Amino acid sequence: SRSYEWRYFYDKAPSLRNKVHMTVCGNNDLTYDEVADRKIDPVAFTWYTTVENSPFVSCYSFNYGYIHFIGLNSNVITEDSGIDTEQIEWMKKDMAKPENKKRWTIVMMHEAPYTQTRSKLLTKFITPFAELGVDLVLCGHHHRYTRSKRMGALGPNGENRESSTGFYTVM
């Protein structure tokens, strides 16, 4: 419901109007859902982008050179929605396709599984990222630059484990 932000983006950076750029759904790209009584519906995201290769309105993947990019929607995850599990299963199927086996895999999502603290709602993504060989997770919600250690799968008690084969999170 804040389309002026997109207009401002293109007005202040006119050179971007004719450049390809890939975005992920952020919390300001959601519209209010009366049943959930909060901003959760990602349909507004589709006003500015076209997503064609996933069952989700706001998730997609593409290849560029040696990189496979995956855009996930971390804003629609709730305690009981099951959307996190559905996105993880879609990501697994997407990465299993032969054409998506690239040198590097980069996941883009708005809210991060690791920030100054670990987001409880996004914890389910950590182990699949490590197991699937994701190299980098790019996030943006907190509007600052941070970088994690190389993170691996979660331990049996949910503890963070560093890994030589895990992924980095950059915001």
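Here are the numbers:
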| read-out | value |
| --- | --- |
| Computed label-point distance, nm, for sites Lys97 and His21 using a 7 Å Cα→Cβ extension | 2.6 |
| Computed label-point distance, nm, for sites Trp104 and Glu89 using a 7 Å Cα→Cβ extension | 3.2 |
| Accessible-area value, Leu121, 1.4 Å probe, nucleic acids and ligands omitted, Å² | 70 |
| Cα-based reach from Lys39 at 21 Å (exclusive), listing lysines while leaving out same-chain residues under 8 positions away | Lys120 |
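The values are calculated or read from the model by the stated rules, or taken from the named source; none is laboratory data. Treat the numbers as computed from the prediction; the structure is a model and nothing was measured. Counting neighbours? That spans all protein chains shown, and the Cβs are built from the backbone with ideal geometry, glycine included. Accessible surface areas use protein heavy atoms only, side chains included; no ligands, DNA or RNA. Shrake-Rupley method; radii C 1.70, N 1.55, O 1.52, S 1.80 Å.
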